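Participant: Here it is, the structure in full.
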Amino acid sequence: MSGIYEQGLQKNAANHAPLSPLSFIERSATIYPERLAIIHGALRQTWAQTYARCRRLASALQKAGIGVGDTVAVMLPNTPPMVEAHFGVPMVGAVLNSLNTRLDPEAIAFMLNHGEAKVVIVDPEFAPVMKKALAMALAEMPRKILVIDALDDLFTGDSESLGSQSYEQYLAGGDPEFVWRMPTDEWEAICLNYTSGTTGNPKGVVYHHRGAAINAISNILEWDMPKHPVYLWTLPMFHCNGWCFPWTVAARAGINVCLRRVEAKAIFDAMRDYGVTHYCGAPIVQSLLINAPDEMKEGVPAGIKTMVAGAAPPAAMIEGMEKMGFDLTHVYGLTEVYGPAAVCVKHEDWDSLDIGERARLNARQGVRYHLQAAVSVLDPHTMQAVPADGETMGEIMFKGNITMKGYLKNEKATQEAFAGGWFHSGDLAVMYPDGYVKIKDRSKDIIISGGENISSIEVEDVLYRHPAVLAAAVVAKPDPKWGETPCAFLEIKPGSTVSPEEIVAHCKQHLAGFKVPRAVVFGELPKTSTGKIQKFELRKRAGSATAIDV
């Protein structure tokens, strides 16, 4: 760039600073030192106290030789140490690797070594798994790993000490006035998250300070989040760093209401006791609340805002949320885009529509987050936008600051993901005339029957409309005549009864004949550690499912 506006006008310390969510906690602790930051059991911790504890953690890590680019792994539930790690670890330039607490020792061992973790902070509930994982990891890559036990009064099970000191002892050795480090470049890594791959080793997704800060701010804008929200941690903080909400809550000087376990009673109790205003959750969490006994919901504040992602909210979910007085927002994203980076923005004129039409509109993945540059549906071969006709399928792609740095130690996968200057999501979708995106399927989940493409998501949407259906998944079943036909796997609501024939009859009312499931299987659906239905497992079972004469 040249011209009069570049003559002698350079970036300097006075007019330019790297974006980082670390600035959020400093601001809140300075302006609102006595406001509550964390509630956990009997614990009430202010922003000043939380900031001091994060600085203690950073100081202790620096004393242990941890610095820029070093990995600190944590295996924690949604407890105060998990909130603090999101600030204390990057305060020394280190990278936070929040491990999925539902994984097996083999997967954890792979992540510890692939990320070259130098420190592990572990909750006692997960000590048995971590003990095995550490043994496996160190057998393959011998080195010294500092292990810290994050004890928790709310954990009532047996615990085994893996480290030489507890988290509180470790913090006691740190300086509450520690002069922490802002990144010299906002492109510096802040977090490492692993994808829940269904085959092979998971990929390590690297986030940068800029993206973390920008997505945290976008969360505020999408929700019109006011100052001092009361945020309930139903979403695991290990999942895309809780969709960046640890930093969002700090930016608004809100309250983190911690939750060790996602149980309906504990959630409703917290909503009543603390005046919860916001929470996020996968469809399985929302269904848990909707299907809870009515007496459990009594006295719950109206107007609670909730975000759902993972699958489009069916009409039954929207109705259930409205009945409880909750305000549901549908968001969409992937690990590679910091969690949600698109939102189905609702319009006032939708309110007058019937529930079926509102469900159809709200089921779309929507438009870009405020601070994401773009989301579009492109032909992956030509990289041209598909017609905005609601019918022509392409692949959802993102570009902008809310996109990962890339995959750790995997240049080939990184290049493939960013081919053509866009991040390729792998989700097949259409674009509507109003610019809203709607997923039709994962590229690997499309069912091709007699040469016709069938969207498994479209069939699932219809299945969810049946009052007896709690959860639904549709996969391809090999067929000698058609090549593939839809096979439906269903979880039924407690106390409900329904036959395969009734399910098929229901589908026939809403779907073209070739889209109707030719097999219906009842039972609990296999799920990943983050609550997603494992369709690859269902595909294995579909071949032996009994066909129905449709």
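The values are calculated or read from the model by the stated rules, or taken from the named source; none is laboratory data. Predicted, not measured: the structure shown is a model, and the values here were computed from it. Cβ coordinates were reconstructed from backbone atoms using ideal geometry, including for glycine residues, and neighbour counts include every protein chain displayed. SASA here: full protein model, heavy atoms, side chains in, ligands and nucleic acids out. Shrake-Rupley method; radii C 1.70, N 1.55, O 1.52, S 1.80 Å.
Participant: Just for segment 261-294: of the residues that are at pLDDT 95 or above and of a type in the set (Lys, Arg), which one is most open to solvent (accessible area, probe 1.4 Å)?
Facilitator: Among residues in segment 261-294 that are at pLDDT 95 or above and of a type in the set (Lys, Arg), the one most open to solvent (accessible area, probe 1.4 Å) is Lys265.
Participant: Tell me which residues, restricted to segment 167-188, are within 16 Å of Gln49 (Cα to Cα), of a type in the set (Asp, Glu) and touching a residue at least 24 places away in the same chain (Cβ under 8 Å).
Facilitator: Asp175, Glu177
Participant: For the subset of segment 450-479 comprising residues that are more than 17 Å from Gly513 (Cβ to Cβ) and of a type in the set (Val, Ile, Thr), which member is most open to solvent (accessible area, probe 1.4 Å)?
Facilitator: Checked segment 450-479; the qualifying residue most open to solvent (accessible area, probe 1.4 Å) is Ile457.
Participant: Further, regarding this structure: Could you list, in sequence order, the residues of segment 35-47 that are outside any strand (DSSP E or B), touching a helix residue (DSSP H, G or I) at 6+ places or on another chain (Cβ under 7 Å) and either open to solvent by less than 70 Å² (accessible area, probe 1.4 Å) or without any contact (Cβ under 8 Å) to a residue 60 or more places away in the chain (or both)?
Facilitator: First, pick out the residues of segment 35-47 that are outside any strand (DSSP E or B): 35, 41-42, 47.
Then drop every residue that is not touching a helix residue (DSSP H, G or I) at 6+ places or on another chain (Cβ under 7 Å), which leaves 35, 47.
Within segment 35-47, just Trp47 meets the criteria.
Participant: Can you find, within segment 128-158, the residue that is most open to solvent (accessible area, probe 1.4 Å) among those that are small (Gly, Ala, Ser) and at pLDDT 95 or above?
Facilitator: If we take residues in segment 128-158 being small (Gly, Ala, Ser) and at pLDDT 95 or above, then Ala139 is most open to solvent (accessible area, probe 1.4 Å).
Participant: In addition: With respect to Gly400, is the statement that it is open to solvent by 10 Å² or more (accessible area, probe 1.4 Å), within 20 Å of Val331 (Cβ to Cβ) and at pLDDT below 95 true? Before the answer, list the steps.
Facilitator: Numbers: open to solvent by 10 Å² or more (accessible area, probe 1.4 Å): yes; within 20 Å of Val331 (Cβ to Cβ): yes; at pLDDT below 95: no.
It is false that Gly400 is open to solvent by 10 Å² or more (accessible area, probe 1.4 Å), within 20 Å of Val331 (Cβ to Cβ) and at pLDDT below 95.
Participant: Let me ask something else about it. Looking at the structure I just gave you, is Glu26 of a type in the set (D, E, K, R), without any contact (Cβ under 8 Å) to a residue 24 or more places away in the chain and more than 22 Å from Thr234 (Cα to Cα)?
Facilitator: Working: of a type in the set (D, E, K, R): yes; without any contact (Cβ under 8 Å) to a residue 24 or more places away in the chain: no; more than 22 Å from Thr234 (Cα to Cα): yes.
Against the criterion (of a type in the set (D, E, K, R), without any contact (Cβ under 8 Å) to a residue 24 or more places away in the chain and more than 22 Å from Thr234 (Cα to Cα)), Glu26 does not qualify.
Participant: Among Glu125, Glu116, which is the only one that is acidic (Asp, Glu), closer than 29 Å to Pro18 by Cα and out of contact with any helix residue (DSSP H, G or I) (no Cβ under 9 Å at 6 or more places or on another chain)?
Facilitator: After ruling out the rest, the residue left standing is Glu116.
Residue by residue, here is whether (1) among the small types (Gly, Ala, Ser); (2) part of a helix (DSSP H, G or I) holds:
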residue	(1), (2)
Leu96	no, no
Leu112	no, yes
Ile121	no, no
Ala135	yes, yes
Ala139	yes, yes
Arg143	no, no
Ile148	no, no
Ser159	yes, no
Gly163	yes, no
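Participant: Can Leu9 be described as surrounded by 24 or more Cβ atoms within 10 Å (Cβ to Cβ), of a type outside the set (S, T, N, Q) and over 27 Å from Val262 (Cα atoms)?
Facilitator: In short, no.
Participant: What pairs can you find where one residue is in segment 287-303 and within 20 Å of Leu235 (Cα to Cα), the other is assigned to a loop (DSSP other than H, G, I, E, B) and among the small types (Gly, Ala, Ser), and their Cβ atoms are less than 7 Å apart, with a gap of 6+ or different chains?
Facilitator: Short answer, once both residue conditions are applied: Pro301/Gly275; Gly303/Gly325.
Matching residues to (1) surrounded by 14 or more Cβ atoms within 10 Å (Cβ to Cβ); (2) under 28 Å from the mean Cα position of the chain (by Cα); (3) modelled with pLDDT of 95 or more; (4) within 30 Å of Phe536 (Cβ to Cβ):
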{"site": "Leu171", "(1), (2), (3), (4)": "yes, no, yes, no"}
{"site": "Pro176", "(1), (2), (3), (4)": "yes, no, yes, no"}
{"site": "Cys191", "(1), (2), (3), (4)": "yes, yes, yes, yes"}
{"site": "Ala212", "(1), (2), (3), (4)": "yes, yes, yes, no"}
{"site": "Ala216", "(1), (2), (3), (4)": "yes, yes, yes, no"}
{"site": "Ile220", "(1), (2), (3), (4)": "yes, yes, yes, no"}
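Participant: So which residues in segment 528-545 are within 26 Å of the chain's Cα centre (by Cα), under 19 Å from Ile446 (Cα atoms) and open to solvent by 20 Å² or more (accessible area, probe 1.4 Å)?
Facilitator: Lys532, Ile533, Gln534, Lys535, Phe536, Glu537, Arg539
Participant: Taking into account only those residues within segment 281-322 that are in a helix (DSSP H, G or I) and acidic (Asp, Glu), which is farthest from Gly531 (Cα to Cα)?
Facilitator: The selected residue is Glu295.
Participant: Now for a separate question. Hand me the list of strands (runs of 3 or more DSSP E) wholly inside segment 330-437 holding 1 or more residues that are of a type in the set (Gly, Ala, Ser) and farther than 26 Å from Trp247 by Cβ.
Facilitator: Hits in segment 330-437: 374-378, 394-399, 423-431.
Participant: Looking only at strands (runs of 3 or more DSSP E) that lie completely in segment 440-550, which have at least 1 residues being at negative phi and at pLDDT 90 or above?
Facilitator: Strands (runs of 3 or more DSSP E) meeting the threshold: 469-479, 483-492, 519-522.
Participant: Going by the conditions given, is Arg272 within 19 Å of the chain's Cα centre (by Cα) and touching a residue at least 24 places away in the same chain (Cβ under 8 Å)?
Facilitator: The answer is no for Arg272.
Participant: Applying the selection to segment 480-524, what residues are over 19 Å from Ile284 (Cα atoms), surrounded by fewer than 17 Cβ atoms within 10 Å (Cβ to Cβ) and out of contact with any strand residue (DSSP E or B) (no Cβ under 7 Å at 6 or more places or on another chain)?
Facilitator: Result: Pro480, Lys481, Thr497, Ser499, Glu501, Glu502, Ala505, Lys508, Gln509, His510, Ala512, Gly513.
Each row is one residue, and each column tells you yes or no for (1) part of a loop (DSSP other than H, G, I, E, B); (2) crowded, with 24+ Cβ neighbours inside 10 Å; (3) touching a helix residue (DSSP H, G or I) at 6+ places or on another chain (Cβ under 8 Å).
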site: Ala14; (1), (2), (3): yes, no, no
site: Leu19; (1), (2), (3): yes, no, yes
site: Gln49; (1), (2), (3): no, no, no
site: Ala73; (1), (2), (3): no, yes, yes
site: Phe87; (1), (2), (3): no, yes, yes
site: Ala109; (1), (2), (3): no, no, yes
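Participant: Could you say which residue among Asp379, Asp389, Asp349, Asp354 is touching a strand residue (DSSP E or B) at 6+ places or on another chain (Cβ under 8 Å) and open to solvent by 60 Å² or more (accessible area, probe 1.4 Å)?
Facilitator: After applying the criteria, what remains is Asp389.
Participant: Moving to a separate point now. Hey, any hits in segment 402-424 for a residue that's in contact with a Leu (Cβ under 8 Å, 6 or more places away or on another chain) and among the β-branched types (Val, Ile, Thr)?
Facilitator: Among the residues of segment 402-424, at least one is in contact with a Leu (Cβ under 8 Å, 6 or more places away or on another chain) and among the β-branched types (Val, Ile, Thr), which makes the answer yes.
Participant: Taking the stated definitions as given, is Trp243 at pLDDT 95 or above and in contact with a Gly (Cβ under 6 Å, 6 or more places away or on another chain)? Let's see the steps before the verdict.
Facilitator: Values: at pLDDT 95 or above: yes; in contact with a Gly (Cβ under 6 Å, 6 or more places away or on another chain): yes.
Taking the combined requirement at face value, the residue satisfies it.
Participant: Considering (1) open to solvent by 30 Å² or more (accessible area, probe 1.4 Å); (2) under 30 Å from Leu19 (Cβ atoms); (3) of a type in the set (Phe, Trp, Tyr), say which one Tyr432 fails and leave the rest.
Facilitator: (2)
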